[in-house]
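Below is one structure, written out as structure tokens; the observations come after it.
The values are calculated or read from the model by the stated rules, or taken from the named source; none is laboratory data. Given the structure is predicted, the values throughout are model-derived calculations rather than measurements. Neighbour counts run over all protein chains shown; Cβ positions are idealised from the backbone, glycine included. Ligands, DNA and RNA are stripped out before the accessible areas are found, and what is left, the full protein with its side chains, is counted by its heavy atoms. Shrake-Rupley method; radii C 1.70, N 1.55, O 1.52, S 1.80 Å.
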Amino acid sequence: METFKQKQKKTAKRLGLIPEQIPRHIAIIMDGNGRWAQRKSLPRVMGHRAGAKIIERVALFCVDLGIESLTLYSFSTENWNRPKSEINALMHIHSEYLVEIRPVLMKNNVRLIHLGRKKGLPAQVLNDLEDTMEETSANTGMILALALNYSGRSEIMDATKKIAQEYKKGKLRLEDIDEKCISQNMYGSKLADPDLLIRTANEMRISNFLLWQISYSEFYITKTLWPDFKNTSLEKAIRAYASRKRRFGTIQTKP
């Protein structure tokens with residue numbers, strides 16, 4: 001089985017880059033499912049079903065590329081404000097997807113983790129989510145993080161509450177509360193911060209996604225609607241990422 005570094009080296013050679021230019025963690029805001037359906041005079045739910053099919057292909061392509069973590073924004077806490085019929089359809093699609101993708105994840109050594117609040121999810125979705133996470137928990141390849149019932153502000157708030165409880169119990173001192181402490185109490189505490197954040201459908205906003213983690217992520221916005229997002233679309237985003245100079249607040253000086 002190839003290692004991440006071996007895959008990254010092959011990907012870099014094929015794209016005319018160096019391995020260090022391949023992002024280790026990619027996060028995607030999958031936008032445009034409803035508009036895709038409307039443009040085809042289809043019900044919005046058909047757009048969501050089309051978008052769900054893209055997830056497997058993109059995830060497997062990321063495995064081949066040597067991406068170490070892929071985080072997908074699939075349902076925000078704000079999405080509960082949508083029509084009930086659409087919410088029910090989305091939850092049903094999630095449940096189906098979480099069951100159907102298990103053999104694929106196992107075959108490709110992918111581990112599924114969840115970002116978000118479990119409270120509020122329908123029982124069937126929660127059961128399927130937990131079963132898939134349990135079945136893939138020993139996998140050592142790419143991590144697929146599903147941001148389901150997720151909110152960046154809620155994540156920070158929940159982390160703050162956990163830290164406050166530890167402080168109240170005397171397990172934390174005030175001087176122990178730093179960036180590392182906060183990061184360790186986030187939903188995806190085992191994930192490195194995203195190197196590249198992709199948003200489809202040409203929307204120029206973050207939408208309450210990974211507010212703490214994307215401080216120095218490179219953003220890539222594409223007009224492509226999520227159901228039309230192809231492997232070549234991802235390669236284009238990676239090339240754009242590779243062309244950036246990541247300074248992390250510093251400046252480059254001449255040697």
For region 49-142, listing trypsin sites (Lys or Arg not before Pro) in a DSSP loop whose Cβ sees at most 15 other Cβ atoms within 10 Å gives K118, K119
The correct ranking of M133, M204, M1 by accessible area at 1.4 Å, largest first, is M1, M204, M133
Given pairs K7/K118; K107/K180; K10/K53; K7/K230 and cut-off 23 Å on Cα-Cα distance, the over-length ones are K7/K118; K107/K180; K10/K53
Rounded to the nearest 10 Å², the accessible area of E175 using a 1.4 Å probe with every protein chain kept is 130
Quick calc: nm separation of the 7 Å Cα→Cβ label points for K119 and K9 -> 4.9
The answer for the net charge of residues other than N149 whose Cβ lies under 14 angstrom from its Cβ, with Lys and Arg +1 and Asp and Glu -1, is 0
Using alpha carbon positions and the Kirkwood radius, the Rg to Rh ratio of region 1-96 is 1.10
For the chain, averaging the sequence separation of alpha carbon pairs under 8 Å that lie six or more residues apart and dividing by its residue count, the contact order in percent is 25
Per region 11-61, sqrt(5λ) over the Cα gyration tensor eigenvalues, sorted largest first, in Å, gives 32, 10, 10
Extension length gain for T140 and L174 (0.36 nm per residue less Cα distance), in nm, is 8.7 nm
Over the Cα atoms of region 59-112 the radius of gyration and the largest Cα-Cα distance (Dmax), both in Å, equal 13.9, 39
Using the Cα gyration tensor of the chain, the equivalent ellipsoid's semi-axes, largest first and to the nearest Å, work out to 27, 26, 19
Over region 108-255, with neighbouring protein chains present, the accessible area per residue in Å² at probe 1.4 Å is 57
Diffing region 165-178: the Karplus 3J(HN,Hα) column from phi (6.51, -1.76, 1.60, θ = phi - 60°), in whole Hz with x for Gly and Pro, holds 5, 5, 5, 5, 7, x, 8, 10, 9, 4, 6, 7, 8, 10
Here the net charge surrounding F61, from other residues whose Cβ is less than 11 Å away from its Cβ (Lys, Arg +1; Asp, Glu -1), is -1
